[in-house]
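Coordinate-derived values only; no laboratory data. On a predicted model such as this, the values are computed, not experimentally measured, just so you know. Every residue, glycine among them, receives a Cβ derived from its backbone with ideal geometry; neighbour counts consider all protein chains shown.
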Amino acid sequence: MTDIQQAVNRLIPRRTPPASRGTGTAPANIALCKYWGKRNQELKLPLTGSLSISLADLGTTTTLEPADTDRFVLNGTEQDPASTACQRLFSFVDLFREPGTPLLVTSTNTIPMAAGLASSASGFAALVLALNDLYRWNLDLRSLSILARLGSGSAARSLEHGFVEWLPGEAEDGQDSYAERLDITWPGFRVGILTLSESEKPVGSTEGMKRTRETSRLYASWPDEVAHALPRIRQAVFDQDFTVLGATAEQNALSMHATMIASWPPILYWQPETVHTLHQVHALRRRGVEVYATLDAGPNVKLLFLQDQEEALTTAFPGLRVVSPFRPHSI
Ligand code: PMV
């Protein structure tokens, strides 16, 4: 039996028949201290901890229903069964079901896909919640976070709203590698989503992490960077110290990209618009607008700021989608 199947069986020892329907809904998240590098590929165990903010209404809702054949309908469009998305989805679902029990999976993403925001985090978190509902497991959030992690690492952080920390854990089977919510609300906190480039990602995060670990000598410094940034960001969240939080998060994201750029072949996600936006952010800061940038495995830039700068930023960046993580949300 594979390690991943064993990890699943530890939490779900018995297969139960499905109900007539199961649903789940989960927010996307943006890491303020990034996850970049696995200590175990199959179990998606990270080398370091990470800390994120969930994106309120931006996320995924998924419904599961027993069907005659496996089908995946995303945002109203039937997906090709041979597509990577379908294969990844149903091989994950196979870990939980009796053989020969096909499912119709219907998902709606409210994440602006064109912004290159990872939908795998909210996608796998919503799927795990829908499975929990369909098979009536009644699992706690910790177990659900572990299961979501097995689908996509960052999905471990998408089970809850607000600030969420993923504890890397030490156990070989990953039972202590899960995420939990930090008990704090920060109503004025804002995340801005910019759509800069719709170009396809040249390298996915799984391959990107692997290549960085194997070929970038700068990667040796990454655990040190996280050891510095993570406690600082956590403390800044509790102190509501936006200056420390923003500066540490931006430096952490740029450090992650530095390790990628120094890989071979190089992983350069940045497009001209990315560099232009970073310069704009820095120019705004010099003019007293407190805004910081963060970037993931793609060319797009996300902005971090407080409510009082919202007008200045929507003026500087027309088309900026502003997310208020602590406003009441529907998902
Ligand atoms: O969970 P994955 O494999 O999509 O990796 C996510 C990696 C980053 O988005 C770059 C960083 C993070 O912590 O979300």
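Numerical summary
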| item | result |
| --- | --- |
| GNM top mover of P99, P17, P46 - the chain, alpha-carbon springs below 10 Å | P99 |
| Cα-based reach from K38 at 13 Å (exclusive), listing aspartates and glutamates while leaving out same-chain residues under 8 positions away | E170, E172, E207, E214 |
| Rounded to 10°, Cα long-axis angle of helix 222-239 versus longest principal axis of the chain | 80 degrees |
| Two-decimal log10 I(q)/I(0) for the stretch 175-276, as the Debye equation yields it once each C-alpha is a single scatterer, q = 0.10, 0.17, 0.24 Å⁻¹ | -0.38, -1.02, -1.25 |
| Cα point-scatterer Debye curve for the stretch 34-144, base-10 log of I(q)/I(0) at q = 0.10, 0.11, 0.16, 0.19 Å⁻¹ | -0.33, -0.40, -0.86, -1.19 |
| Cα-based reach from K302 at 17 Å (exclusive), listing lysines while leaving out same-chain residues under 8 positions away | K34, K201 |
| Total charge dipole magnitude, the chain, about the Cα centre, Cβ charges on Lys, Arg, Asp, Glu only, Debye to nearest 20 | 220 debye |
| Relative intensity, log₁₀ I(q)/I(0), of the stretch 218-272 from a Debye sum that treats every alpha carbon as a point, q = 0.17, 0.18, 0.19, 0.27 Å⁻¹ | -0.59, -0.64, -0.68, -0.99 |
| Where only C-alpha atoms are counted, convex hull volume of the stretch 246-331 per residue in Å³ | 118 Å³ |
| Net charge of Cβ neighbours under 11 Å - reference A26; Lys, Arg +1; Asp, Glu -1 | 0 |
| C-alpha long axis of helix 141-151 to longest principal axis of the chain, angle in ° | 90 degrees |
| Rounded to 10°, Cα long-axis angle of helix 272-286 versus longest principal axis of the chain | 50 degrees |
| Mean projected area (nm²) of the alpha-carbon convex hull when the chain is viewed from all directions | 16.4 nm² |
| Among 297-306, 67-76, the order from most to least packed when residues are scored by Cβ within 10 Å on average | 297-306, 67-76 |
